1. Within segment A:118-152, how many residues are assigned to a loop (DSSP other than H, G, I, E, B) and β-branched (Val, Ile, Thr)?
2. Hey, can you tell me all the residues within segment A:36-58 that are of a type in the set (D, E, K, R), modelled with pLDDT of 85 or more and surrounded by 12 or more Cβ atoms within 10 Å (Cβ to Cβ)?
3. Considering only segment B:110-218, give the strands (runs of 3 or more DSSP E) lying wholly within it that have at least 3 residues that are within 20 Å of B:Thr39 (Cα to Cα) and open to solvent by 20 Å² or more (accessible area, probe 1.4 Å).
4. Could you grab me the full set of residues in segment A:180-211 that are within 14 Å of chain B (Cβ to nearest Cβ) and open to solvent by less than 20 Å² (accessible area, probe 1.4 Å)?
5. Between residues in segment A:151-172 that are aromatic (Phe, Trp, Tyr) and residues that are open to solvent by 60 Å² or more (accessible area, probe 1.4 Å), which pairs lie under 9 Å by C-beta distance while being six or more apart or on different chains?
6. Which condition from (1) under 30 Å from A:Val119 (Cβ atoms); (2) open to solvent by 80 Å² or more (accessible area, probe 1.4 Å); (3) assigned to a helix (DSSP H, G or I) is the one that A:Tyr17 breaks?
7. For a quick check of your reading: which strands (runs of 3 or more DSSP E) sit entirely within segment A:20-115 and have at least 1 residues that are of a type outside the set (Ser, Thr, Tyr), out of contact with any Asp or Glu (no Cβ under 6 Å at 6 or more places or on another chain) and under 29 Å from A:Thr224 (Cβ atoms)?
8. If you take the residues of segment A:282-313 that are within 13 Å of another protein chain (Cβ to nearest Cβ), surrounded by 15 or more Cβ atoms within 10 Å (Cβ to Cβ) and β-branched (Val, Ile, Thr), which of them is farthest from A:Arg157 (Cα to Cα)?
Amino acid sequence: FDCTTVCVNVEMPKSIYIRQKSLQILNKRTPTDMKDTIKYIIGKRLAESCCVAVDSESEMQIDIAFKHSESAGDHQFLIDREGTTIKTRSFRKKGVDRTEGDSTSAIIADLALCDESTVQLQFGVPPPAIQEAAEIDSMVYRRKSLFVGGRYLKLERNISQTPFVVEGKRVTELSVSEVIGDPIKDLIRCDSYNMVGSGREDADVRMLGDGRPFYIECTNPRITNITQEQISQIERHLTETGSAVQCRRLQIIRPEDTKIIKEGEEHKTKHYCALVWFATPLSSETLDKINRLGSEAIELDQATPIRVLHRRAPLVRKRKLLHLDLVHLEGHFYKVRIESEAGTYIKEFVHGDLGRTVPSLSSLSGNVTADIIELDVENVSLDFPPVVTE
Amino acid sequence: MELVRDARSVDIEYDLAAYGYLDAWKDRPMSFLDRYFTTRYYCAPSPDATAAAAAQKRKLDQLTSDPSDTSDPSDTPAPSDPLPPAWQYVRMAPNKLCVIGLASMHPLLDSSCQASVGRVVRVEFVQHVADAQVRGKKKRGAQRLAPDTPVCLVHTDRGLVFSVRAAVHGQLIEWNARLAETPELLYTHPEQAFFAIIKPGTLDNTKIFDRCHEQPNIL
C-alpha cells in the first residue's frame, strides 16, 4: 500500500475490561486504558518503520484483533450472575457450536451495571495472574476504494457489460468490465473491481460514438499514486490495438462524482441507429408519414417487454421518442435513427412486442411486420467524465 | 432543436449481403417470431366438450326459465363435418415465459371451417383471470394454471363457444386485454392476437412442454 497515513484500530481480548475493572476496585482509581496505550504504541512503531503518519481520519485503516485463550472465560461470571443484561444464544453452525451475544460492548455495558462485590466474589480483586501473552488473532487492511471513470465503446457484438455466465458456462467470450478492468487492476493492484455503467445495452448491441459513461470501483488499491499518463496508456493501448472494447476520457475520479453516472441513466437521452426489415416495402407515402411523425416527439406506451418480463414487474411505461427518421436502404431493409428518452426499449418499438408496445414502427407503417436486425447506440448524451487535457 | 449529428454516425453501414437468408421471410412474415420463440402445439383433450357443456347449460337455463320453450339448443349448430382439432400454439421465449394463442389450423382461424364455425364475436376471459391483479417482480396475485385450465372462451356468431386452455403449468402473468376489446385481431393481426403470457412453474423444457407437441399432427 502506497499510503501516507494510517489509522490503527485495535480490538482487545474481552477479558481486559474485567481486569481493568478489578484493578479499579483494588486501587480506587481508573487504571490507564490498555487499549489506547497499545494502539498508540503500535501506531508509533508503524509510523517509524513504514514512514507514515498516524491519523484517525486516514483512508487506510488497519484493524488488529488480539486474542488471549487463557482468559477467554473470564467474562463467564457476568453471563451467569443474577440480573445480567447479557443475552447469549448458542447454536450450531456448519458443524461447529457457536455462542453469540457476549460481545465486547455487551460486556462493558453489563460490567458498568454489575456491583463491586460480585466482581470481587466471582472473579477476584486483584485479577488472577496469567501465564501467556496475548497474540494477534487477525490483521485486516481496509483502504478507501479508488474510482476510475471513463466512457466505453463496444465496437463489436456479443460482448456483455459484465461477465455473463449461465449454468457455469460463459455466454459471451468478452465483457467490457474485464477488458477495461483487468489492466486497471494490474496497474493499481487492488483486491477486486466493480464496474458501474450509466445504463446498459444488450450484448448484441454496439456502443459507438463517444461511448457510454462508466466508473470502476477498485477495492483496497495498493497503489493510488497513479499519473494520468499511466491511465491514458491503458486507453491508448486499447485503441491502438483495435480492441473490440475501447475507452475514452479514462481518468481517476472523486467518489462524489459517481452519483452523476446513476443520475444520468434516468434522465439523459440516447441516440440509436438500427437496421430494420419490413415484410413489405413501404410506400413513399407511408415513409413520409413516418418521417413527419418522427420530426416531432412520439409518445409510446410500452408494456414490460416479454424478454425481460420474467424478472421485471409488469407495468406499462410511458416513454417519448424525441426524434425519428427512417430511410430506405434497399429491398426490405431500412435504416432508422432514433433519439429517445432514457429507459425506452428500442427493439420492442420496432417490432411492437406482439402489440404490447404502442405505437411501434410496425403499427405506424400500417401494421406491416417489422423486425430489428441490428442495433447500435450512437450516443449517450451525458457529459462525463470531462475530457482529459494533456 | 437542432440535433447535433456526429459525422461518424452517417458512416454506419450495414452489410446487407449477410442477411440474404431473410428472403425466406418475405413469404412468411410471421417467421420472424422464430428468432425469438420456440414454438410448440397443444390440443385440449376434447375440444368440443366445452361447447357441448355450454349448450347443455343453456338448455337447462331455458327449461327452468321458460318451460314452454320446446327448442333444443344443444342441437344447434351441429357442424355437418367434425371440426379439426383445436390446436393452440405455445411460444416460449428464452426466459421460459410462454405466450399462448390459437394456431393457424385452429377451427376458428381455418378458412375452410368458416361456414360452420362462424366469425368470432366475443373474446371472454374467464372470471378469475380477468379479476387477478399481478403485481411486482415476484408476480404476486398471479392465477395458477394447469394445462387444461380454461383461460378464455371465444364465442362465434353461430353460437359456438371455444375454450382456450393454458397449455402449460404455471402462473398467468398477463392476459391480452386488446384482444378482448378487438376480437378481429385474430383475423387482422394474428401475431398480436395472443391470449395470455404464462410463467411456467419449472425451467425444465421437457416439463414445460409436457402436454405439447412439436408439430400439430392430426391426433
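1. Let us first name the residues in segment A:118-152 that are assigned to a loop (DSSP other than H, G, I, E, B), namely A:124-134, A:144-145.
Pick out the ones that are also β-branched (Val, Ile, Thr) and you get A:125, A:130.
Counting residues in segment A:118-152 that are assigned to a loop (DSSP other than H, G, I, E, B) and β-branched (Val, Ile, Thr) gives 2.
2. Of everything in segment A:36-58, those that are of a type in the set (D, E, K, R), modelled with pLDDT of 85 or more and surrounded by 12 or more Cβ atoms within 10 Å (Cβ to Cβ) turn out to be A:Lys39, A:Lys44.
3. Details: elements: B:120-125, B:143-145, B:150-156, B:161-165, B:170-175, B:196-200.
Fully inside segment B:110-218 and qualifying: B:170-175.
4. So the first thing to find is which residues in segment A:180-211 are within 14 Å of chain B (Cβ to nearest Cβ), and the list is A:202-211.
Scanning segment A:180-211 gives A:Val205, A:Met207, A:Gly209, A:Gly211.
5. A:Phe164/A:Arg170; A:Phe164/A:Val171
6. (2)
7. Where strands (runs of 3 or more DSSP E) fall fully within segment A:20-115 and carry at least 1 residues being of a type outside the set (Ser, Thr, Tyr), out of contact with any Asp or Glu (no Cβ under 6 Å at 6 or more places or on another chain) and under 29 Å from A:Thr224 (Cβ atoms), they are A:60-67.
8. A:Thr304
The values are calculated or read from the model by the stated rules, or taken from the named source; none is laboratory data. No experiment lies behind these values; they were computed from the predicted model shown. Cβ: placed from backbone, ideal geometry, glycine included. Neighbour counts: every protein chain shown. Side chains included, ligands, DNA and RNA excluded: accessible areas come from the protein's heavy atoms. Shrake-Rupley method; radii C 1.70, N 1.55, O 1.52, S 1.80 Å.
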